[in-house]
1. Taking the range 44-67, which residues are buried (at least 23 other Cβ atoms within 10 Å of the Cβ), assigned to a helix (DSSP H, G or I) and in contact with a helix residue (DSSP H, G or I) (Cβ under 8 Å, 6 or more places away or on another chain)?
2. Of all residues in the range 1-26, count the ones that are modelled with pLDDT under 80, of a type outside the set (S, T, N, Q) and part of a loop (DSSP other than H, G, I, E, B).
3. Taking the range 264-281 on its own, how many of its residues are of a type outside the set (A, V, I, L, M) and in a helix (DSSP H, G or I)?
4. Applying the selection to the range 236-263, what residues are part of a loop (DSSP other than H, G, I, E, B) and within 20 Å of SER88 (Cα to Cα)?
5. If I go through the range 219-235 residue by residue, how many of them are assigned to a loop (DSSP other than H, G, I, E, B) and hydrophobic (A, V, I, L, M, F, W, C)?
6. Of the residues GLY103, GLY81, GLY69, GLY116, which single one is over 21 Å from the mean Cα position of the chain (by Cα) and either within 24 Å of ALA150 (Cβ to Cβ) or of a type outside the set (Phe, Trp, Tyr) (or both)?
7. Name the residue that is surrounded by the fewest Cβ atoms within 10 Å (Cβ to Cβ), counting only residues in the range 77-120 that are part of a loop (DSSP other than H, G, I, E, B) and touching a residue at least 12 places away in the same chain (Cβ under 8 Å).
8. For the range 148-185, what are the residues that are modelled with pLDDT of 90 or more and buried (at least 19 other Cβ atoms within 10 Å of the Cβ)?
Amino acid sequence: MLRVTTDSEGNRRAGVAGLQSCGSPWACPVCSRKIAGQRSDELREVLAAVADAGGSVHLLTFTTRHRAGQSLAELWNGVSGGWRAVTSGRAVERERAAFGVLGQVRVVEVTHGENGWHVHVHVLVAFDGPLSREMAQELGGAWFGRWERALVRKGLAAPLEDRGGLDVRPVDMGTGSLDAVAEYLSKITCEITGGSAKEGRRGNRSPFAILRDALDTGLADDVELWWEWEQVSRGRRQVAWSKGFREWAGARRELTDEEIAEQDHGGEDVLAVEPESWPALRPHLAELLDVAERDGPAAAAEWLTARRIGWFRCRRGTRPVAGPSG
């Protein structure tokens, strides 16, 4: 069932109920949406604490060279090793003291394009006071050096620092901007943007876009890409906080992906999709939820009808009532 909740400011959040949760933030369009919403709230909570303390935040992005034919496992393992090199060793404590680093949160993004799989890391770094872009770039350069050396040890390479290998951007600490950054990173975690509203840059597809295409067209290449994605992503962390950062911010205990997926946030059941229609809806679920949040349940019903996906209208206090099945 399509479930909609509305907060005190009138903002809608859409989700689904009546399905078994698997807790996968990578390969499940239902659980990933729910997990992304929770992670977005966590990011807002910590970023607000940084702002209240007079701190500043920069967004750093690290990437690696990739080419068609490279396996996702090879690239992802290399990126994981690169990030471990950035966050370990004696230099880390010196940098924390020199730059006033409060902590960081890392999010992994994966897309696929004509040059194969592309795995990169987005990192929000918080500082205990204002920090110029030049100083943030200096810290990023030190991190990039460790990142690049670790990739080389794995048989990989990073683009040149000034050619896309490293990107450093200051984050506006206004409330609206912090909300936007939290939402941006939470969407990266479940690839909602690539699966519904738009495709990635330069024709890159998100994993959920690959799933959609595989189910729509049945092309063997897309099916194989999705299988590879399911296998390699299993058990990997999407969001990772540096030690002590959440505690410094007074954040609540971090829930596991499985705990988030099992939560029931309440809300009103507005539409129920016929069971036999679920396979047709599954690859487009993110788009349906976007429509429900942006335009409301009536627009969601029109969206389903236009795609000939059978649905029922739910009425308060009664069993679902049959609606048009298309």
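The values are calculated or read from the model by the stated rules, or taken from the named source; none is laboratory data. Since the structure is predicted, the reported quantities are computational estimates derived from the model, not experimental observations. Neighbour counts run over all protein chains shown; Cβ positions are idealised from the backbone, glycine included.
1. VAL46, LEU47
2. 10
3. Count: 5.
4. ARG236, ARG237, GLN238, SER242, LYS243, GLY244
5. 1
6. Exactly one of GLY103, GLY81, GLY69, GLY116 is over 21 Å from the mean Cα position of the chain (by Cα) and either within 24 Å of ALA150 (Cβ to Cβ) or of a type outside the set (Phe, Trp, Tyr) (or both), namely GLY69.
7. Among them, the one singled out is GLU114.
8. GLU148, ALA150, LEU151, LEU156, LEU166, VAL168
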